[in-house]
Amino acid sequence: MIQSMTGYGKSVLQLPTKKITIELKSLNSKNLDLNARMPSMYRAKELDIRKLISRHLVRGKVDFSLFVEITGEDTSSKINKTVVNEYIKQLKEVVDGDATELLKMAIRLPDAVTTERDDIDEEEWTQIAEGINEAITNIVIYRKDEGETLNQDFVDRITTLKQLLDEVIAMDPERIDGVRTRLEKGIADLKEKVDENRFEQELVYYIEKFDITEEKVRLDNHLDYFIKTLKSGDSNGKKLGFISQEIGREINTIGSKSNYAPMQKLVVQMKDELEKIKEQMLNVL
């Protein structure tokens, strides 16, 4: 079953002194393009996080975010009292204001608040890794749900292409008869006597150039193979993309050989359906 590259997954961890929220968002991309945002104390685990995500998501433009909210007394941020007091002293020389207002201004200035970097302990990392796995599970579920919608759209459009191909096949004898009639009329209009055997040979040769039997068979096979690939266990958007290119090649050849307006109208409809398939294909994992 195919998966979409569009997805969203989230998990929330409540630790003794902090709340950690993990989010994963993904959009379509040719390869895995992973952007990770997290507090500096967790950067040491970034490589492990990337390996964990890439093992499951494979492709897509993925944004990973890890947010930390302190809920206990423990905090790594400290007010630099010496710096703040010096700022307040300097501000008093510049502006008039009460102590609260001066403090509000001072606390926003550089180095007023310092962050003590703590090393992440293994127990906390184990819980975070479980949270990341939960977010991955959620985004994969989302991708599969989106994939079901895409799958139905593909099935509907391939079915339409099959129906249009059936119309082309049914119309083909009429087209060949039309080509033959036009050629015979052209010769008759010349009012010249021709060798009937030679004319018949040339006519057969000319009609063979417009023969689309092979294209019809190959197109039918490609459409069947597309559906077969859709039903496979893996989501392989690149493979489906290659099959779509082959489908397009056969449709184009039928169009160039048809030399028959009613059939060319069918070819235009087929191209329109295929173009919509290709647009959706960009979002398949």
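Once C-alpha pairs closer than 8 Å and six or more residues apart are averaged by separation and normalised to the residue number of the chain, the relative contact order reads 26 percent.
Between their Cα atoms, which of 51/238; 162/257; 144/239; 144/216; 185/271 are more than 24 Å away from each other?
Correct reply: 144/216; 185/271.
I need the calculated FRET efficiency for the pair residue 127 and residue 56, taking r as the beta carbon distance and R₀ as 25 Å, to the nearest 0.05. With R0 = 25 Å, the Cβ-Cβ based efficiency is 0.85. Extension gain, residue 213-residue 201: 0.36 nm per intervening residue step, less the Cα-Cα distance, totals 2.4 nm.
FYI, it's all coordinate maths here, none of it is from the lab. As the structure is a computational prediction, the values presented were derived from the model and not from experiment. Positions of Cβ are generated from backbone atoms using ideal geometry, with glycine treated the same way; all protein chains shown enter the neighbour counts.
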